[in-house]
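Asker: Below: one structure in structure tokens.
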Amino acid sequence: QVQLVESGGGLVQAGGSLRLSCAASEHVITTHNMGWFRQAPGKEREFVGVIGWSGAGPTYADSLKGRFTISRDVAKNTVYLQMNSLKPEDTAVYYCAASKDYDNRSERYTYWGQGTQVTVSS
């Protein structure tokens, strides 16, 4: 069974940084493309970025390029989302997800974590 658990969310001031972690069950991140998504209250789920099963990419939403970085540690079965220069509009629940497809569409992802709240204060 594929299990994904996000952590690292919290409250941060605008301009600050935060690193989210997605702990996956064994072999998941080397057999699945790993995406990050976010969802703010009242808004649709939004693509953040994806890293390939081989470590290829990553690919980011255009609006987030330069501020957000995805990386992984295969030995730790963990994918990371480094978020810098945070803005209040980045406030959302952040999810990691696994897919056999390298895609920016949430419906193409089969497995999802429970999400972690990120709140950016002004």
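Asker: Give me the percent relative contact order of the chain, please, defined on Cα pairs under 8 angstrom at least 6 residues apart. Can you show the working numbers first?
Answerer: Numbers: 315 pairs, mean separation 44.2, N = 122.
Contact order relative to length: 36 percent.
Asker: Could you name the lysines whose alpha carbon sits less than 25 Å from that of LYS65, not counting residues in the same chain fewer than 8 places away?
Answerer: Within the straight-line limit of under 25 Å, LYS65 reaches these lysines: LYS43, LYS87, LYS100.
Asker: Run the accessible area of segment 22-122 with a 1.4 Å probe and give the carbon-and-sulfur part as a rounded percent. Walk me through the numbers before you get to the answer.
Answerer: Details: 2330 of 4960 Å².
Solvent-exposed carbon and sulfur of segment 22-122 make up 47 percent of the total.
Asker: Hey, another quick one. Check each of the GluC sites (Glu not before Pro) in segment 22-64 and keep only those in coil by DSSP with at most 11 other C-beta atoms within 10 angstrom; list them in order. Kindly include the intermediate steps, with their values, before the conclusion.
Answerer: Values: sites: GLU26, GLU44, GLU46; in loops: GLU26, GLU44.
Qualifying residues, ordered by number: GLU26, GLU44.
Asker: Still on this structure, please answer the following. Under a Cβ-only charge scheme (Lys and Arg +1, Asp and Glu -1), can you give me the dipole magnitude of the chain about the Cα centre, in debye to the nearest 20?
Answerer: 140
Asker: Hey, another quick one. Over the chain, give the accessible area per residue in Å² for a 1.4 Å probe, as an integer. Please report the intermediate quantities before stating the final value.
Answerer: Numbers: 6210 Å² over 122 residues.
Ligands and nucleic acids excluded, the figure is 51 Å² per residue.
Asker: So how much accessible area does THR59 have, in Å² to the nearest 10, using a 1.4 Å probe?
Answerer: Approximately 60 Å² for this residue.
Asker: Right, something else. Amide H of ARG72 versus every other amide H placed in the peptide plane: which residues, excluding those fewer than 5 positions away on the same chain, fall under 5 Å?
Answerer: TYR80
Asker: I've got another one for you. If you average the alpha carbon positions of segment 10-35 and of segment 76-103, how far apart do those two centres end up, in angstrom?
Answerer: First find each Cα centre; the distance between them is then 5 Å.
Asker: If I take R0 = 41 Å and measure r between the Cβ atoms of GLU107 and LEU11 in this structure, what FRET efficiency does the formula 1/(1 + (r/R0)^6) give, to the nearest 0.05? Numbers along the way, then the final one.
Answerer: Working: r = 31 Å, r/R0 = 0.75.
Here the calculated transfer efficiency is 0.85.
Asker: Report the rotationally averaged projected area of the chain based on its alpha-carbon convex hull, in square nanometres. Present the calculation step by step, with values, prior to reporting the outcome.
Answerer: Working: hull surface 26.8 nm².
For the chain, the mean projected area of the Cα convex hull comes to 6.7 nm².
Asker: Okay, moving on. For segment 97-108, in order, what is each residue's ³J(HN,Hα) by Karplus, 6.51 cos²θ - 1.76 cosθ + 1.60 with θ = phi - 60°, in whole Hz (x at glycine and Pro)?
Answerer: Karplus values, whole Hz, x for Gly and Pro: 8, 10, 9, 7, 9, 8, 8, 9, 9, 4, 5, 8.
Asker: List the trypsin sites (Lys or Arg not before Pro) within segment 72-120 that DSSP assigns to loop and that have no more than 12 neighbouring Cβ atoms inside 10 Å. Please report the intermediate quantities before stating the final value.
Answerer: Values: sites: ARG72, LYS76, LYS100, ARG105, ARG108; in loops: LYS100, ARG105.
Filter output for segment 72-120: LYS100, ARG105.
The values are calculated or read from the model by the stated rules, or taken from the named source; none is laboratory data. All of these numbers come straight from a predicted model, not from anything done at the bench. So basically every Cβ, Gly included, is an ideal-geometry build from the backbone, and we count neighbours across all protein chains shown. Protein only, heavy atoms only, side chains kept; ligands, DNA and RNA dropped before computing areas. Shrake-Rupley method; radii C 1.70, N 1.55, O 1.52, S 1.80 Å.
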